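Below is one structure, written out as structure tokens, with a few remarks after it.
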Amino acid sequence: MEIFYSLWFWIAIIAVTGIIAGVITNAVNKRAETAKYVADAHAGGDYRALAEQTLEANQVLIQRLDAVEQRLAGVEKTLTDIPQ
């Protein structure tokens, strides 16, 4: 029973417990991360939704740029058709 009063015994117990807890925590985190990636792959990922949102935004942007281009063409035509 004298071993329980030893400082080195308690330091070793704490170190071993910490190592075991770290290994268990790492394993649980890796398993959760893997499950997340598997679920994401089965669902098609958020990439499809992101691509659809980006497509809609790009179409709106192209329409606005076309409108600006038409207005600039009108201004250019007005400036080049000045009679002298």
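The values are calculated or read from the model by the stated rules, or taken from the named source; none is laboratory data. Just so it is clear, the model here is predicted, and its values are computed rather than measured. Cβ sites come from the backbone with ideal geometry, for glycine too, and all protein chains shown count toward neighbours. Please note that ligands, DNA and RNA were not included when accessible areas were found on the heavy atoms of the full protein model with its side chains. Shrake-Rupley method; radii C 1.70, N 1.55, O 1.52, S 1.80 Å.
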*Only residues that are surrounded by 10 or more Cβ atoms within 10 Å (Cβ to Cβ) and not β-branched (Val, Ile, Thr): list them for region 33-45, please.*
33, 35, 36, 37, 39, 40, 43, 45
*Out of the residues in region 61-82 that are open to solvent by less than 100 Å² (accessible area, probe 1.4 Å) and among the charged types (D, E, K, R), which is modelled with the lowest pLDDT?*
81
*Among 3, 20, 24, 13, which is among the β-branched types (Val, Ile, Thr), free of Cβ contacts under 8 Å to residues at least 12 places away in the same chain, out of contact with any His (no Cβ under 7 Å at 6 or more places or on another chain) and surrounded by fewer than 10 Cβ atoms within 10 Å (Cβ to Cβ)?*
3
